[in-house]
Amino acid sequence: MVKRQAAAAGLDHDPSPAKRVRNNGDHSRSLSTLSDELTLRILSYLPVSDLALCQSLAGDRQLWKAHYYDRFVRPRASRLPGIRDVSSRDARFASKASRWLDEGHLLEGRGRAGGQTNWKRQYKLRHNWTRGSCAVEVIRVAEKAPIPPVVVQMCDGVIYMASREEGLRAWSAKFGRSLLAHVGLESSSQTPPTCLAVDSAGDGTTASTIVLGFEDGSFALYDMDEKVKTLRHRHRHESSNNGIIASVAISWPFVVTMTATQLLSVYTCEPQEAKKASARDHGAPQLLHSLKSHNIWPPLSTCLRVTADTVLVSIAYALPTYLSGWTVGVQEIQLSKLGDFQRSRTASAIDEHYRPLAFSSIPMTSHLSPHSSGTTTPSFQESRQIHSKPISLSHTHPYLLVSHPDNTLTLYMIFSTKDSLSISDGTRLWGHTSSVSGAHVGNRGKAVSISRQGDELRIWELEGGFMSSAARKRLAGGSVSVRVQPGTTSLTPEDTSQTGLDLVSHGSTNVASRGSPTDEGDVDGRSELTLTRGWIGFDEENVVVLKEESQGRQALVVYNFT
């Protein structure tokens with residue numbers, strides 16, 4: 001009673017601090033009178049579709065960080081073997097980098113351009129990937145097709161191209177699509193480049209090292225500094241009579257070359273007495289080992305991995321069988337960090353000691369059914385790993401992705417342990433309606449593939465493979481790939497949960513070779529880009545495809561998902 005009287009008399013003073021209230025002068029909405037803390041708490045319960053339509057505090061980093069984790073990180077953990085308790089309540093959101101798998105760098109302020117991670121932008125970027133929603137831009141790179149064709153590679157948002165006529169060029173795959181740097185090849189040599197690989201410094205700098213393989217058996221090293229936009233020639237290794245360089249790989253300080261005559265060579269660019277692992281000196285590469293193979297057939301892909309105590313070189317290749325078909329194989333060479341040879345071993349997708357002379361079903365047709373009929377006889381299972389000769393092959397450990405002329409792809413998982421090396425049974429991937437010209441798989445299992453006519457680009461989520469029953473259900477349900485549809489913003493009636501996140505502008509920008517303008521009428525809805533050269537690459541924001549027009553002109557088509 002006393003308290004009520006005191007309150008009525010205006011004598012009741014609450015000593016507790018008042019809640020922080022926004023003073024924006026607009027009290028027309030009820031939420032505007034609440035403190036920021038209460039408003040954020042209320043907004044945290046909104047679905048993404050409603051949150052994207054809100055203003056002001058709806059762009060708070062922590063709100064979008066939680067949504068990003070719940071949609072893109074936690075589902076990944078459920079697909080990876082060895083990670084448990086992903087469905088528990090405390091796994092809905094985690095602040096520790098260890099619970100973010102390999103996306104912990106986003107927590108450490110190493111987002112785009114080295115600044116703080118924009119979680120709303122990051123969410124939108126990943127959402128566009130899952131929907132196949134993007135803008136398309138074209139970079140003209142050649143008025144006539146060079147012979148042999150240009151070689152292309154992409155690394156950290158930079159597209160590297162090399163040809164005998166134009167030399168080595170570096171294009172930005174980010175906003176602007178500008179030519180960053182250009183350097184001519186050595187005038188004393190007219191041999192064309194045949195393959196290219198890039199190694200990023202990985203130490204927070206903008207430096208990269210490029211290795212170019214040539215037709216005369218030689219290779220060259222170049223340094224790219226993105227900050228000052230320069231390309232500098234480092235070293236040219238002498239030519240040899242061992243044949244064309246068919247594949248190269250680089251992981252500093254080691255360089256690997258593979259010739260068409262099946263000769264594998266391993267070099268080091270760091271003298272044994274040098275102890276600074278981060279210092280990229282200008283010493284000439286020194287040959288460590290040369291190994292001759294007798295069972296490697298093209299297409300092939302070379303992968304180089306440097307761990308804490310070993311150097312692993314793996315070559316994935318097409319392998320003909322005794323029957324009328326092909327499978328895949330892999331050879332792994334292990335070296336010490338000092339370059340000492342330790343061992344070499346091989347594996348194939350079929351048992352090398354078992355070759356049936358007859359099959360219960362025809363080898364070239366039994367694998368065409370997307371669902372198994374339940375047959376488990378050894379001859380039937382072996383026949384499912386016999387295919388036509390691969391068109392392309394992409395290898396990023398532990399994934400091996402192969403494209404076939406019958407509009408399909410096959411995914412293999414490579415298991416490398418201390419005691420064994422093996423390749424899993426292939427999983428056939430369906431979705432393309434025409435012949436697949438090229439495919440590329442990354443180290444997280446994301447892959448892209450392009451049809452020969454360039455009119456069908458698909459994105460695949462292959463992380464973890466399809467060894468588990470849950471993964472096979474995803475495969476049977478058709479949820480492992482999406483077809484990219486540039487310029488599509490409409491939502492299907494079945495999917496309206498992400499309204500407001502799709503791209504708004506889908507304009508097409510043309511960038512001519514070396515910065516010269518192009519005719520606006522050259523690129524429109526009826527583009528003459530009708531043939532892909534088999535190369536396709538991607539990074540976190542873009543997919544890049546090398547295409548060729550009917551007149552022979554070449555262009556890089558950039559699919560931008562930002």
So the check is Cβ under 8 Å with 6+ separation or different chains; which pairs have a first residue in the range 418-432 that's closer than 15 Å to His397 by Cβ and a second one that's at pLDDT 90 or above and among the aromatic types (Phe, Trp, Tyr)?
Leu421/Phe415; Ser422/Phe415; Ile423/Tyr412; Ile423/Phe415; Ser424/Tyr412; Ser424/Phe415
In the range 181-197, which residues are at pLDDT 90 or above, among the hydrophobic types (A, V, I, L, M, F, W, C) and crowded, with 19+ Cβ neighbours inside 10 Å?
Ala181, Cys195, Leu196, Ala197
Out of Ser422, Ser508, which single residue is at pLDDT 90 or above and not aliphatic (A, V, I, L, M)?
Ser422
In the range 335-351, what residues are of a type in the set (Asp, Glu) and either more than 20 Å from Tyr267 (Cα to Cα) or assigned to a strand (DSSP E or B) (or both)?
Asp351
Checking the structure you have, find out if any residue of the range 205-217 is over 25 Å from Val313 (Cβ atoms) and modelled with pLDDT of 90 or more.
no
Would you mind finding the one in Lys124, Lys120 that is touching a Leu at 6+ places or on another chain (Cβ under 9 Å) and modelled with pLDDT of 90 or more?
Lys124
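Here's the yes/no breakdown for (1) open to solvent by less than 30 Å² (accessible area, probe 1.4 Å); (2) of a type in the set (A, V, I, L, M); (3) modelled with pLDDT of 90 or more:
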| position | (1), (2), (3) |
| --- | --- |
| Ser290 | no, no, yes |
| Val313 | yes, yes, yes |
| Tyr322 | no, no, no |
| Trp326 | no, no, no |
Given (1) hydroxyl-bearing (Ser, Thr, Tyr); (2) farther than 22 Å from Glu215 by Cβ; (3) modelled with pLDDT of 90 or more, number of the condition Tyr160 does not satisfy
(2)
Looking only at the range 214-245, filter to residues that are among the hydrophobic types (A, V, I, L, M, F, W, C) and open to solvent by 50 Å² or more (accessible area, probe 1.4 Å); which one of those is nearest to Val266 (Cα to Cα)?
Ile244
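The values are calculated or read from the model by the stated rules, or taken from the named source; none is laboratory data. In this text, all values refer to a predicted model and were calculated from it rather than measured experimentally. Because the Cβ atoms are built from the backbone with ideal geometry, glycine has one as well, and the counts that use them run over all protein chains shown. Just so you know, the surface numbers come from the protein's heavy atoms only, side chains and all, with ligands and any DNA or RNA stripped out. Shrake-Rupley method; radii C 1.70, N 1.55, O 1.52, S 1.80 Å.
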